[in-house]
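I have a structure I would like to understand better, so I am pasting it below and will then ask my questions one at a time.
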Amino acid sequence: MAKLYFRYSAMNAGKSTALLQVAHNYEEQGQHVKLFTAAIDDRYGVGQVTSRLGPHRQVDVFDASTDFLAISAPDGTKIACVLVDEAQFLTTLQVQQLHQLAQVRGVPVICYGLRSDFRGEPFPGSAFLLALADDIEEIKNICSCGKKATMNIRVDENGKRIREGEQVSIGGNERYRQACGRCFYSGNH
């Protein structure tokens, strides 16, 4: 039975690296995978899944209009797995579609993303993934203090913490830091 998987973490935990490894494993066995990332994430170019370790590849993009039930392989072969990076940007309807893809059509779907934003609030896509995913896994990361990081902090160009603003502001290491709960609430960043 295929499942909908949600693999989440704070920033900088290796989500994109893990996604690229899973894609490689399927493709090494001659199977076709569909990879997606959010169209709004243009840090490394639109449609790029890029690991901070170096590996990267061009993939399909999704936005609010993407219908995951309409996806197909270009040559008509069976899709062995769907992989979604930046899954926090999925709409609630898209999460339902991905769940249906796994449950009804038998295609495993593995989503990678953040659970919460820099204010500690859930992303709508992540909240629905937590509700519908058949398998949920936390990818571990550490805070600068050495404790397990579970939160994200946004910083300005001077490294000062930003506590208010729009939920979505694309950026990498220069804009975000991972933190444990204690550092998140005490402001130790």
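The values are calculated or read from the model by the stated rules, or taken from the named source; none is laboratory data. For clarity, every value in this text was computed on a predicted model and none was experimentally measured. Cβ placement follows ideal geometry from the backbone for every residue including glycine, while neighbour counts extend to all protein chains displayed. Accessible surface areas use protein heavy atoms only, side chains included; no ligands, DNA or RNA. Shrake-Rupley method; radii C 1.70, N 1.55, O 1.52, S 1.80 Å.
Can you compute the equivalent ellipsoid semi-axes for the chain, i.e. the square root of 5 times each eigenvalue of the Cα gyration tensor, sorted largest first and rounded to whole Å? Kindly include the intermediate steps, with their values, before the conclusion.
Values: eigenvalues 171, 55, 46 Å².
Whole-Å semi-axes of the equivalent ellipsoid: 29, 17, 15.
Between residue 27 and residue 185, how many nm apart are label points set 7 Å from Cα along the C-beta direction?
So the label points at residue 27 and residue 185 sit 4.4 nm apart.
Pop the C-beta distance of residue 163 and residue 58 into the FRET formula with R0 = 30 Å and round what comes out to the nearest 0.05.
It comes out at approximately 0.25.
Taking a probe of 1.4 Å, how large is the accessible area per residue of the chain, in Å²? Could you put the intermediate results ahead of the total?
Numbers: 9270 Å² over 189 residues.
Accessible area per residue, the chain: 49 Å².
To continue, here is another question. State to the nearest 20 debye the size of the charge dipole of the chain about its Cα centre, where the only charges are +1 on K and R beta carbons and -1 on D and E beta carbons.
740 debye
Moving on to the next point. Which value, in debye to the nearest 20, describes the size of the charge dipole of segment 99-182 about its Cα centre when Lys and Arg Cβ atoms bear +1, Asp and Glu Cβ atoms bear -1, and nothing else is charged? Can you show the working numbers first?
Numbers: 13 positive and 11 negative charges, 77 e Å.
About 380 debye.
For the chain, what % of the accessible area comes from carbon and sulfur atoms, probe 1.4 Å?
C and S fraction of accessible area: 49 percent.
How would you rank 20-26, 136-142, 108-114, highest first, on the average number of other Cβ atoms within 10 Å across their residues?
Working: 20-26: 16.1, 136-142: 14.6, 108-114: 24.9.
Answer by packing, highest mean first, reads 108-114, 20-26, 136-142.
Quickly rank 6-16, 122-132 as a protection proxy: mean count of other C-beta atoms within 10 Å, highest first. Walk me through the numbers before you get to the answer.
Details: 6-16: 22.3, 122-132: 19.3.
Answer by packing, highest mean first, reads 6-16, 122-132.
Write down the Å³ per residue value for the convex hull defined by the alpha carbon atoms of segment 93-185. Walk me through the numbers on the way to the answer.
Details: hull volume 10.1 nm³, N = 93.
About 109 Å³ per residue, rounded to a whole number.
Mean residue ellipticity at 222 nm from the helices of the chain, using -39,500 (n - 2.57) per DSSP H segment of n ≥ 4 over the full residue count, to the nearest 500 deg cm²/dmol?
Working: 4 runs with 41 residues, N = 189.
After summing the helix terms and dividing by residue count, I get -6500 deg cm²/dmol.
Quick one: if you stick a label point 7 Å off each Cα along the C-beta vector at residue 138 and residue 156, how many nm between them?
3.2 nm
For segment 74-113, what does the alpha-carbon gyration tensor say about shape, rounded, prolate or oblate, given a ≥ b ≥ c as the root eigenvalues, a/c under 1.5 as rounded, and a/b over b/c as prolate? It would help to have the intermediate numbers written out before the result.
Values: a/c = 2.15, a/b = 1.52, b/c = 1.42.
Cα axes put segment 74-113 in the prolate bin.
Run the paramagnetic zone check for residue 73: 7 angstrom along Cα to Cβ, then residues of segment 1-42 with backbone nitrogen under 11 Å.
27, 30-34
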